[in-house]
1. For each pair in LYS229/LYS369; LYS111/LYS259; LYS120/LYS229; LYS259/LYS286; LYS86/LYS109; LYS262/LYS369, compute the distance between the two Cα atoms and list the pairs where it is over 22 Å.
2. As an exercise, use a Förster radius of 41 Å and the Cβ-Cβ distance of GLU376 and PHE236 to find the FRET efficiency, rounded to the nearest 0.05.
3. Could you point to the residue in SER166, PRO241, LEU215 farthest towards the positive end of the stretch 162-242's charge dipole, with +1 and -1 charges on the Cβ of Lys/Arg and Asp/Glu respectively?
4. Just to be sure I understand the model, the point goes 7 Å from the Cα along the line to the Cβ. What's the resulting ASN256 to SER80 distance in nm?
5. Dipole of the stretch 258-388 (Lys/Arg Cβ +1, Asp/Glu Cβ -1, origin at the Cα centre): which of ALA371, HIS300, PRO331 lies farthest to the positive side?
6. Treating only the Cβ of Lys, Arg, Asp and Glu as charged (+1, +1, -1, -1), what charge dipole size does the stretch 133-172 show about its Cα centre? Round to the nearest 20 debye.
7. Rounded, prolate or oblate: which one fits the stretch 116-217, using the alpha carbon gyration tensor with axes a ≥ b ≥ c (rounded when a/c is under 1.5, else prolate when a/b beats b/c, else oblate)?
8. Roughly speaking, what is the stretch gain from MET226 to GLU145, that is 0.36 nm per residue apart minus the C-alpha to C-alpha distance, in nm to one decimal?
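The values are calculated or read from the model by the stated rules, or taken from the named source; none is laboratory data. The structure presented is a predicted model; accordingly, all values stated were derived computationally and were not measured. Here the Cβ positions follow ideal geometry from the backbone for every residue, glycine too, while neighbour counts run over all protein chains shown. Protein only, heavy atoms only, side chains kept; ligands, DNA and RNA dropped before computing areas. Shrake-Rupley method; radii C 1.70, N 1.55, O 1.52, S 1.80 Å.
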Amino acid sequence: MQTRIGSVGSLEEGKDPVITTRTSQSKTLPLRALQLFGFFLALCIGFSIISIYTIRRFGIYSTVTTVKSTFVPCAEEPNSLDHWGKPPSSLLHSMSDKELLWRASFVPKIKKYPFNRLPKIAFMFLTKGPLPLAPLWERFFKGHEGLYSVYIHSLPSFEAEFPSSSVFYRRQIPSQVAEWGRMSMCDAERRLLANALLDISNEWFILLSESCIPLYNFSVIYQYIMKSKHSFMGAFDDPGPFGRGRYNYNMVPEVNISKWRKGSQWFEVNRKLAINIVEDVTYYPKFEQFCRPACYVDEHYFPTMLTIQTPNLLANRSITWVDWSRGGPHPGTFGRSDITEDFFKRILEGRQCRYNDQPSSICFLFARKFAPSAMEPLLQIAQKVLGF
């Protein structure tokens, strides 16, 4: 019995410590949880206080709120007609000449435009650098916005400094060096035409130099060009040594001597002929290879090609007056002392030519070459003599 009681007693004694331990743990656990919660609460409050202080002290809040997403959506193909009807927003591009000429040769098959198209004249200036007569041209263009566009081909190294209010501001096209009498000169002219063709509203294209001036006001010139049935490119058959004498028989069969023509470098062409020039891959190789000094390609390439393709569209005369009376390879240059009323009378009066197959006394719309020193007297006389 004693043993059993002892066993029971031992058993009962073994139970008591267990019960006591569980009671002690149940009291300790809530206390630790409360302590841990209090620690985290204090930590959060401390972090909040530090954040508020940092925001007020260093302005992090304003930085965070102005962060913008750097996500750039993929460029989408323009699906609006405005993309085709409006001129390029910038003349700068990364196209090669081959790509540019290809792009400029696009021609819509439907002749009627699905938008109001106001035809413009593209004035294309082929120059080495500055435009010393720019103030005169600024006055000429003033008040006729929307009827013209301007393009400048200069040496690649030249950086123009026209004010933002100028018609010449940011009108330089990507260019390359052009050498007089060589194919690079025609390349520059094609480059000007191609860039101007990217504006669907350009209907007529006039090539000018930095020494050219207008002989009439803008309205007279615009109406003269617009109403003409022909484009003004000199293309005549010169049987002498400086005409047919420059012909190379290696140019057959594409170019026969009977179609060999000579003309002034300074021309005006309509959109159809401009496209003919930039899309040409037939005559270009022949002239590049077989018309080199003393064959001056800029005097023969376009006149000959267009005579072969579209002779009925050419007036066979230039509208830019030059003075060859002094002799030599280049025309005369005029400075300050030459600019008088009598000087312009000799240019404008007593002329006879054909305009729309009818006799006309207005034969020249532009003149060259004028030196920078002519600028001031030209501005003084322009209103009275030139009409602007």
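1. Correct reply: LYS229/LYS369; LYS111/LYS259.
2. So, using R0 = 41 Å, E works out to roughly 0.65.
3. Among SER166, PRO241, LEU215, the one farthest towards the positive end of the dipole of the stretch 162-242 is SER166.
4. Using points 7 Å along Cα→Cβ, the separation is 5.3 nm.
5. Ranked along the dipole, the leading option is HIS300.
6. Working: 4 positive and 4 negative charges, 22 e Å.
I would put it at about 100 debye.
7. On the way: a/c = 1.66, a/b = 1.25, b/c = 1.33.
Oblate.
8. Working: separation 81, 0.36 × 81 = 29.16 nm, distance 1.63 nm.
Taking 0.36 nm per residue and subtracting the Cα distance, the gain is 27.5 nm.
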